[in-house]
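Have a look at the structure below, then the notes.
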C-alpha cells in the first residue's frame, strides 16, 4: 500500500510540474524540456559509460554538452532569435561536427582500451536523446508563437497509452509481446493502450482546436506504435546493462529516461507529421 501511495504521489507531482512548466509560458516550457533533456542524457551516459575513472566524468560532460546542442539550436531558430535563419542553419551545421570531433581528440589522451566505443556512446546520446528533444521546439513554436496544447496533447496520449497498456496487461494480459526484451508486456496490454490513446485523442479534439479530428487520430496511432517501440528500445538498453531502472529520481517510477523513453521515440514521427500538415 505504501508503495502504491508513493507511486501515486510521485506521479501526481510529476504531472503537476509538467503542466505548470508547459502552461507557465514559453520560457518555462523551454527550461522544462532543457532540464528533462539534460536529465535523460545524464542517465543514459551513466548507464553506458564506465564510472570507474575521473576521465569518464569528462566523457559524460562531453556527451551531455553535445546532446543539448540540437535543443539549443532548434530553440534559437524557432524563437526567431537570429535575423537570418538560412545562415544560422548553415553555420550551425558547419560548427556541429568540429564539436563532435572533440570526443575523438579527447580519447587520444585517455589510453582507454575502448576509445571508439566511448565516442560511439557520446554520439549515440545525441542521436537517441538530444535530437528528439531538439524537435520539441518545432512542435511547440510556429513562427515564434508558442502553442503549448500540441506538446501537452502528445504527452497526454503517451501517458494514456502507457496507463492503458499497464492496466489491461496486468489484469488480462496473456500473450507476450516481446518476451526476449520485456516479458511482462503483452499484446492484450498493447490493445488496451491503443484503445485508451484513441479515446484520449477523441477527447482532446473536443478541447484543443489546433488540429482536425483526423490529425489527432493519426497522432494517436503514431503515439501507440512508436511510443511502444520506444519503451521496448529502452527495455533493451536496460537489459543490455543489467539494470531495472535508468535511475531513482522518481520514487516508484524509476528515472527520467524511464518516463520519457516512449516520448523520445515518438517525437521524430509526430514532428514529421505535424510539419507535413502545417
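The values are calculated or read from the model by the stated rules, or taken from the named source; none is laboratory data. Worth saying up front: this structure is predicted, and the values here are computed from it rather than measured. Here the Cβ is made from the backbone with ideal geometry for all residues, glycine too, and neighbour counts use every protein chain on show.
Suppose we keep only residues that are part of a helix (DSSP H, G or I) and touching a helix residue (DSSP H, G or I) at 6+ places or on another chain (Cβ under 9 Å) within the stretch 102-114. Which one would you say is farthest from residue 78 (Cα to Cα)?
Filtering the stretch 102-114 for residues that are part of a helix (DSSP H, G or I) and touching a helix residue (DSSP H, G or I) at 6+ places or on another chain (Cβ under 9 Å), the one farthest from residue 78 (Cα to Cα) comes out as 108.
Would you tally the residues in the stretch 48-64 being surrounded by fewer than 18 Cβ atoms within 10 Å (Cβ to Cβ) and part of a helix (DSSP H, G or I)?
So the answer is 5.
Determine whether the stretch 79-87 contains at least one residue that is in a helix (DSSP H, G or I) and either in contact with a strand residue (DSSP E or B) (Cβ under 6 Å, 6 or more places away or on another chain) or within 18 Å of residue 126 (Cα to Cα) (or both).
The answer is no; no qualifying residue exists.
Is there a residue in the stretch 233-249 that is part of a helix (DSSP H, G or I), without any contact (Cβ under 8 Å) to a residue 24 or more places away in the chain, outside the structural domain of residue 11 (by TED's automatic domain parsing) and under 27 Å from residue 213 (Cα atoms)?
No: the stretch 233-249 contains no residue that is part of a helix (DSSP H, G or I), without any contact (Cβ under 8 Å) to a residue 24 or more places away in the chain, outside the structural domain of residue 11 (by TED's automatic domain parsing) and under 27 Å from residue 213 (Cα atoms).
With respect to residue 74, is the statement that it is at negative phi and in contact with a helix residue (DSSP H, G or I) (Cβ under 7 Å, 6 or more places away or on another chain) true?
So residue 74 fits the description; yes.
Look through the stretch 115-158, keep the residues that are assigned to a helix (DSSP H, G or I) and without any contact (Cβ under 8 Å) to a residue 60 or more places away in the chain, and return whichever of them is farthest from the chain's Cα centre (by Cα).
If we take residues in the stretch 115-158 being assigned to a helix (DSSP H, G or I) and without any contact (Cβ under 8 Å) to a residue 60 or more places away in the chain, then 115 is farthest from the chain's Cα centre (by Cα).
Could you list, in sequence order, the residues of the stretch 184-221 that are assigned to a helix (DSSP H, G or I) and in contact with a strand residue (DSSP E or B) (Cβ under 8 Å, 6 or more places away or on another chain)?
Of everything in the stretch 184-221, those that are assigned to a helix (DSSP H, G or I) and in contact with a strand residue (DSSP E or B) (Cβ under 8 Å, 6 or more places away or on another chain) turn out to be 187, 189, 190.
Do we have residue 171 as out of contact with any helix residue (DSSP H, G or I) (no Cβ under 7 Å at 6 or more places or on another chain), in the same structural domain as residue 267 (by TED's automatic domain parsing) and closer than 21 Å to residue 150 by Cβ here?
no
Counting only residues that are closer than 19 Å to residue 12 by Cα and in contact with a strand residue (DSSP E or B) (Cβ under 9 Å, 6 or more places away or on another chain), which one in the stretch 235-262 is surrounded by the fewest Cβ atoms within 10 Å (Cβ to Cβ)?
248
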